[in-house]
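Input: a single structure, listed below in structure tokens.
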Amino acid sequence: MVRTRPSDEQRSRPRPGHGGLRSARALALALLLGPGLGACADSAVPVSKFEPIERPALRLAEGATAGPSAKPWRTIEPAAWAEPAKVGAPEVGVRPAGDAFEIVALHTEAVPDVAGLPGRQLLKLFGRDRKSLALNLPASEKRIDRIRLRIAIARFDHLRVEWYRESVLVGSSELPLFPSESAADCTIDSPSGANRDIDRLVFVVPGEGRVALGSIELLQLDGEDRLPGPGATPEFVKLGEDIRPAWGVTSGRPLEITFAAPKDGVLVASAAVPSSMRIAADRPFLTVRVTGLPGGVRLHRYPLLEADEWVWVRIPLEAGASQVTARFGLETFSPREAACALTQPQVVRYDESAPTVLLITSDTHRGDHVGFAGSGVPVQTPVLDALAAEGVVFTDAWSATNVTIPSHAAIFTGLPLRDTHVLSNTDALSSAAPTLAEAFAAAGYATVAAVSASHVSPDWSGLGQGFERVAVSPLDKRSAGETLAHLERWLPDYRGRPLFVWLHLFDAHATYSPPPPFNTIA
């Protein structure tokens, strides 16, 4: 599992060099599928009387205790390996083999870490291709479960961390990198089975340009430290292209909820073992012990599969009860402590009349390049034209900017850039900002998103707050068809539940890739 997210201070800090606001006429589509929400003045439009989703607060189960906070056991500052770098081949500066550190780059430069603590340094690595830092560790070093690293880069790229044991590569982790003028902390968890007896770590940035590396912290964690506990903000956990905010459950730290169960209600949640925590011999089971329902105690067991997928928990509450307790635990066949990710449990009642609200954003799509705009532009959009004919079109709408993350931050908060402080695609929306998705969640809706560009991923952009599930692109961008395919596979999971969906499309964005016959000039 790889997680990275700037701090709230870094997310809300304006970046220099983006002083002016650029305006562009924009098209925004909001579709209501099914019965109306009561916003229409026509009293003949039916209003859905759905029951909102209840989200009981998770807490430590009775008798369980929280473990200690994770602490780094070794911190390595750039000053330890920045000088002297010996020059080998004309384009490579390499420290001799056997030295504690080895640097591969055209040249290096030590600079202050202006965004870090006073006195901290960064080491810039320059080169037209692969740049790397290798860290050789003594054999007596402790277990390495997580690395915290300060890094800044001038272009889109990725960081690969290679984990070696006795000169053999035993695993690797990858982290997407986005352009930033100042360094930020990122965290990288060890691959499954690669956290013990590691004697060499190699940090690799394969692309051209410069990258700045700062302090490196090596952390040893208990299983319960890998994910936040109840009361803390859940972390986004990525399995394949499916990201969900979750808390951690371990074999020594069960969690529980208490709620009023409606008649014919269902308790819904999902769980998974992230790849960095997965050990095949453990064969963990999520257990859900339900008490307070007529008929006595119920025990449900869910095998957590080794594949990268979430396992659904759906427990019928047929008779209902005024006070029900559900305890989520973890069983394993191994003496080691096992851990898994658990999403927010929800209590729902299915109703086929429950509404679905769909927000579509077409990235950098000009508002006059649709047929119903009547602008004379020879572009045919028959589906959008039909939708416009049945709905309301705002033809004098202006976007806050024509940059992806700042524009979407304005859409989701209703605030201008001046207030969000999100001015470029290297900024992220502060978690303190209330969003449209959070408003829908508070009103009892399930919230799902599917995005078509990697920099809109919730763990970077901050746009994921309020969403309980996000389909992210594994590449810089993907086609509308691929994003829609993910969303269509997910929709049956939410049938009969009030649902807010954000669908982000990128096909209209440069570089343009229209389908035939529009990709040729007559």
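The values are calculated or read from the model by the stated rules, or taken from the named source; none is laboratory data. Source: prediction; values computed, not measured. Quick reminder, even Gly has a Cβ in these numbers, built from the backbone with ideal geometry, and neighbours come from all protein chains shown. All accessible areas refer to the heavy atoms of the entire protein, side chains included, with ligands and DNA or RNA removed. Shrake-Rupley method; radii C 1.70, N 1.55, O 1.52, S 1.80 Å.
A few points about this structure:
- Note on residue 488: accessible area approximately 120 square angstrom, rounded to 10, probe 1.4 Å, nucleic acids and ligands left out.
- Residues of type aspartates and glutamates that residue 477 reaches as a straight line, Cα spacing below 17 Å, ignoring anything fewer than 8 places off in the same chain: 157, 241, 242, 363, 459, 507
- Taking label points 7 Å from Cα along the Cα-to-Cβ direction, residue 383 and residue 130 give a separation of 4.3 nm.
- Sequence ranges 446-457, 492-503, 374-385, ranked by mean other-Cβ count within 10 angstrom, highest first: 446-457, 492-503, 374-385
- Placing dummy labels 7 Å off each Cα toward the beta-carbon, the span from residue 172 to residue 110 is 3.1 nm.
- Cα-based shape type of the stretch 134-250, given that a ≥ b ≥ c are square roots of the gyration tensor eigenvalues and the cut on a/c is 1.5: oblate
- Each peptide in 103-116, 402-415 receives the mean, over its residues, of other Cβ atoms within 10 Å, and ordering these scores from highest gives 402-415, 103-116.
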